[in-house]
1. For Tyr161, which of the numbered conditions (1) touching a strand residue (DSSP E or B) at 6+ places or on another chain (Cβ under 6 Å); (2) open to solvent by less than 10 Å² (accessible area, probe 1.4 Å); (3) within 28 Å of Lys360 (Cβ to Cβ) fails to hold?
2. Could you tell me how many of the residues in the stretch 341-359 are over 18 Å from Gly144 (Cβ atoms) and in contact (Cβ under 8 Å) with a residue 24 or more places away in the chain?
3. Just name the residue that is most open to solvent (accessible area, probe 1.4 Å) out of those in the stretch 31-85 that are at pLDDT below 95, among the polar types (S, T, N, Q) and not in a strand (DSSP E or B).
4. Name the single residue that is farthest from the ligand (Cβ to nearest atom) among those in the stretch 150-182 being more than 18 Å from Ser307 (Cα to Cα) and among the hydrophobic types (A, V, I, L, M, F, W, C).
5. Would you check which residues across the stretch 234-252 are of a type in the set (Asp, Glu) and surrounded by 12 or more Cβ atoms within 10 Å (Cβ to Cβ) and list them?
6. So which residues in the stretch 144-158 are surrounded by fewer than 22 Cβ atoms within 10 Å (Cβ to Cβ) and either touching a Cys at 6+ places or on another chain (Cβ under 6 Å) or part of a loop (DSSP other than H, G, I, E, B) (or both), if there are any at all?
7. Could you grab me the full set of residues in the stretch 109-135 that are within 16 Å of the ligand (Cβ to nearest atom) and among the charged types (D, E, K, R)?
8. If you scan the stretch 181-233, which residues turn out to be surrounded by 13 or more Cβ atoms within 10 Å (Cβ to Cβ), among the β-branched types (Val, Ile, Thr) and within 28 Å of Glu252 (Cα to Cα)?
Amino acid sequence: MTVQETLKDLVAIDSVSQRSNAEIISYLARRCEAAGLMITQLPYLDDHGIEKINLVAQTSVHDSAAEANSTLELALAGHTDTVPYDPAWIEALRLTENDGKLFGRGACDTKAFISAALTAIENTDLSKLNKSLALVFTADEEIGCLGARQLARARPFSARYAIVGEPTSLQPMRAGKGYCLAEITIRGREAHSAYPQIGASAIFRAARLIGLIEQISEELKHDQRAGFDPPYTTMNVGLIEGGTAKNIIAGECNLTLEWRTIPGQESEYALDLVRQAAADLHQQDADFVCEIDAARADESFETRADSPLVQFLEVTSGKESGTVAFGTEAPSLIDLGAEAVVFGPGDIRVAHRTGEFVPKDQLNECVRILQHAIRHFCM
Ligand SMILES: [Zn+2]
């Protein structure tokens, strides 16, 4: 089967994150078994009680010391789920070709990479490999990389190198910022606004805290990592809500704080500075009360520029490595021991929208590069 035929099959299987991915996994398991790979399915139930499955399909390499502790030389990882599609996009599940582009939900993110990885394996004589290799297909990436985290906890393998499929227009991406959120609730005391002295404004209090958060975001600029734009951890109070009426002293104010951490800085670091600021305000005014609820902490990641995988992909793609601004499964693969690089056909800017597509030439080029990677690292 050609890579394009495989992509057509994968796009035809509806695998939005809200559904079980059992159907696409059973398709991929069949193809991997036919290619001579050993299959391990790792099912789990998501928060809604729906079965999700991670699939590990690996080569068997005999008499290899690496196999004894199941260290893979190379893992090619891609997520099987997609974001939802507008019902008005009637061809969302039908791969459509136009002007050298292949359209369909998931065609770009990330079924193109999965098709390329599968084709690369099918085009390789696996009996010639000296080191082990696996295809890793995950669930629930689009709703917070949940499948990959599950995999990192289950530890069915460790890997030396991992290529994490995401649309990067075939540019190797060796680092990415983390993504963290916290909900902050500041309490006050309601009163008639003609008599502010008998109440306490949650909004005035929030303003004091926000002033300190702005100072913290200035301090964070001192710790810099080259290769990022901007090269430091950024902070944003993106949402604020408080008060009930113009003539009521506000009893409560809520903020949503977001920060994007540079690699090497714990996601807690910035939040601890905010907690300290809140503690200082409490010190000055015992009545100042705020609750900080850390809602999300996606880790940053970084693979060394001189990693053999980074250098290999730079040479074969002809593109210098860069950094990604979006969340990926790379931190989970790094947890599993790997030097991880995010790489794949298609442009992230056309993903997640009606009419997402992958350019045909990039899809075919990805097959070539992955085949070359398999030979380079596993023969
Ligand atoms: Zn993706």
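The values are calculated or read from the model by the stated rules, or taken from the named source; none is laboratory data. Remember, predicted model here, so these are calculated numbers, not experimental data. Here Cβ is always computed from backbone atoms with ideal geometry, including for glycine, and neighbour counts include all displayed protein chains. These accessible areas exclude ligands, DNA and RNA; they are computed on the full protein's heavy atoms, side chains included. Shrake-Rupley method; radii C 1.70, N 1.55, O 1.52, S 1.80 Å.
1. (2)
2. The first filter runs over the stretch 341-359 and keeps only residues over 18 Å from Gly144 (Cβ atoms), leaving 341, 343-347, 349-350, 353-359.
Those still in the list that are in contact (Cβ under 8 Å) with a residue 24 or more places away in the chain too: 341, 343-347, 350, 354-359.
Total satisfying the criteria: 13.
3. Asn69
4. For the stretch 150-182, the residue satisfying everything is Ala182.
5. Start the filter on the stretch 234-252 by keeping residues that are of a type in the set (Asp, Glu), which leaves 241, 252.
Answer for the stretch 234-252, where residues must be of a type in the set (Asp, Glu) and surrounded by 12 or more Cβ atoms within 10 Å (Cβ to Cβ): just Glu252.
6. Those that are surrounded by fewer than 22 Cβ atoms within 10 Å (Cβ to Cβ) and either touching a Cys at 6+ places or on another chain (Cβ under 6 Å) or part of a loop (DSSP other than H, G, I, E, B) (or both): Gly144, Arg155, Pro156, Phe157.
7. Asp109, Lys111
8. Ile184, Thr185, Ile186, Ile203, Ile210, Ile213, Ile216
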